Amino acid sequence: MNQFAIRREKLIAHMQALGGGVAIIPTAPEAMRNADADYPYRHDSYFYYLSGFTEPEAVLVLVAGHAASQSILFCREKNLEREIWDGYRHGPEAARGKFGFDAAYPIDALDGEIPRLLANAPAVFYALGRDARLDRQVRKWLGEVRMQGRAGIAAPAQAYDVRMVLDEMRLFKDAEEIAVMRRAAQISSAAHARAMRTARPGQREYQLEAELLHEFRRNGSQFPAYTSIVATGPNACVLHYRAGDAVLQDGDLVLIDAGCELDGYASDITRTFPANGVFSGPQRALYEIVLAAQEAAIAATGPDRRFTDGHDAAVRVLAQGMLDTGLLDTNKVGGVDDVIAKGDYRQFYMHRTGHWLGMDVHDVGEYRDRDAPGPDKPWRTLRPGMVLTVEPGIYVRPAEGVPEAYWNIGIRIEDDALVTADGCELITADAPKSVAEIEAIMRQ
Ligand code: GLY
Ligand code: MN
Ligand code: MN
């Protein structure tokens, strides 16, 4: 059985435990960019997780009965005329065989088949309220089943959000997913190394972005996992900056946050390096603090640790570093515990230290233990197979009382960590990171 079929079986078992029913999981719609030009097509992550099928206009339906179950694909039919223009389509018959579904039908049969499948099913499972089109379709299909009430046919009495089960499954990566994520991480690491090797004062941000994209694509990545950030000088202090056309100045730091998507899985790496290849004193001072914060966060990332332990460890190192360098004036803000308790560090560190990573760069999965009693849910405990980023930073905007030597320095260091049985594995470790490694690769 292939991995996708195993996941379908798992979901079906969860559905059976809830009394059974029918799950409806469509892929993503195609999106037009302008006139006749589409955005590059990207399948829906849930749909792909359960099917491995990447064509648009497809819906997966799982029927979880008491004894028997069925997985059914609805997809585009073969169409020679359309295939001449747009490329190969599997068609239902070939897709059924290749991807291991029990049955497959043309997508046009969906409206006819779903009410039939929902008849007398105890529950419908879908992504409730996620997409207005699907909500409307489900309402219509349920309405059609209800119309057969006098014929003794019952409509599902329950609706479950299928994401409740799928998000939890996706949070724990299986061996196939880990293998793809490792490879995605290696490609992205090579892209960051390439950017460091080629960066020179006088270049523009978009030229470095081109180096990243080149390395992604030549290694088989289909897309960047998110819009690359290439931010030189003060732009690094804009958290959601994109790669623009600013010129790398001699003496600037360059912050690159970029990762490829490979076979549906994201990687997410940030590195910060000097445009001219050598850190200045103030740049190096802050860089070493962020690096130490990241090391502390990584040491706090492992089984039985809470999701937020890494963040708390990073914040402590960053806050102490802000006091040591005079970014924060201890006469005004007190000691490190005061800085943490009152949140003064947020002037220079305003985001969290990580997030789940998987098919989506900000991947699905609960961050809190929602089964815990009481309203104040504790942070999730880390377990082997979870993947998360570790990404502390310091961003110094010019402000009164802040030493001028640090103005406009923005630094983030981000790696992807797989939680293992005894700690975590940094799958992005190939991207140069220490001051010595960065300065050495930039000399090449
Ligand atoms: N690249 C997105 C993030 O770091 O969260
Ligand atoms: Mn990230
Ligand atoms: Mn990132």
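The values are calculated or read from the model by the stated rules, or taken from the named source; none is laboratory data. The model shown is predicted, which means the values in this text are computed figures rather than measured ones. Using ideal geometry, Cβ is built from the backbone for each residue, glycine included, and neighbour counts are taken over all protein chains shown. Note: accessible area is taken over every heavy atom of the protein model, side chains too, but ligands, DNA and RNA are not part of it. Shrake-Rupley method; radii C 1.70, N 1.55, O 1.52, S 1.80 Å.
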Notebook entry, point to check: Which lysines have a Cα lying under 29 Å from the Cα of Lys173, excluding residues fewer than 8 positions away in the same chain?
Noted result: Lys10, Lys98, Lys377, Lys433
Next item on the list: Mind telling me which of Ala157, Ala225, Ala175 comes out most flexible in a GNM of the chain, alpha-carbon contacts under 10 Å?
Entry: Ala157
Check: Could the peptides 98-106, 188-196 be put in order, highest first, of the mean number of other beta-carbon atoms found within 10 Å of their residues?
Finding: 188-196, 98-106
Check: For the chain, modelled as a GNM with alpha-carbon contacts under 10 angstrom, which of Met359, Met164, Met15 fluctuates the most?
Finding: Met164
Checklist line | Residue-by-residue Karplus 3J(HN,Hα) for region 268-274, coefficients 6.51, -1.76, 1.60, Hz, glycine and proline x | finding: 8, 10, 10, 10, 10, 8, x
Margin query: For the full complex of protein chains and a 1.4 angstrom probe, list Glu168, Glu93, Glu55 by accessible area with the highest value first.
Written below: Glu93, Glu168, Glu55
Next item on the list: Under 14 Å from the Cβ of Gly233, count the other residues' Cβ atoms, weight Lys and Arg +1, Asp and Glu -1, and hand me the total.
Entry: -2
Next item on the list: For Cys260, enumerate residues with amide H under 5 Å from its amide H, sequence gap 5+ or separate chain, H modeled in the peptide plane.
Entry: Ser188, Ala225, Ser267
Notebook entry, point to check: According to the Kirkwood expression over distinct Cα-Cα pairs, how big is the hydrodynamic radius of region 16-117, in Å?
Noted result: 14.6 Å
Next item on the list: Tell me what the chain gives for mean residue ellipticity at 222 nm when only DSSP H runs of n ≥ 4 count, each as -39,500 (n - 2.57), the sum divided by the residue total, rounded to 500 deg cm²/dmol.
Entry: -11500 deg cm²/dmol
Check: What distance in nm separates the simple spin-label points at Ala210 and Val278, each placed 7 Å from Cα in the Cβ direction?
Finding: 2.9 nm
Notebook entry, point to check: Quick one: which of 399-407, 16-24 comes out on top by average Cβ neighbours within 10 Å, and what's the full order, highest first?
Noted result: 16-24, 399-407
Next item on the list: Pop a pseudo-label 7 angstrom from the Cα along the beta-carbon direction at both Ala154 and Leu239 and give the gap in nm to one decimal.
Entry: 4.9 nm
Item checked: Zone residues, region 187-220, relative to Thr227, backbone N less than 18 Å from point 7 Å out along Cα-to-Cβ -> 205-213
Next item on the list: Grab the other residues whose beta carbon is less than 12 angstrom from that of Gln137, score K and R as +1, D and E as -1, and report the net.
Entry: 0
Margin query: Need one number: nm distance between label points at Ala31 and Asp369, each 7 Å from Cα along Cα→Cβ, rounded to one decimal.
Written below: 3.7 nm
Notebook entry, point to check: When ranked by the protection proxy of mean other Cβ atoms within 10 Å per residue, highest first, what sequence do the peptides 320-333, 135-148, 74-87 form?
Noted result: 320-333, 135-148, 74-87
Notebook entry, point to check: On average, how much area does the Cα convex hull of region 70-183 cover when viewed from any direction, in nm²?
Noted result: 10.1 nm²
Margin query: Taking the Kirkwood radius as the inverse of the mean 1/r across Cα pairs, report the Rg/Rh of the chain.
Written below: 1.04
Item checked: GNM flexibility winner over the chain from Arg306, Arg130, Arg284 (Cα, springs under 10 Å) -> Arg130
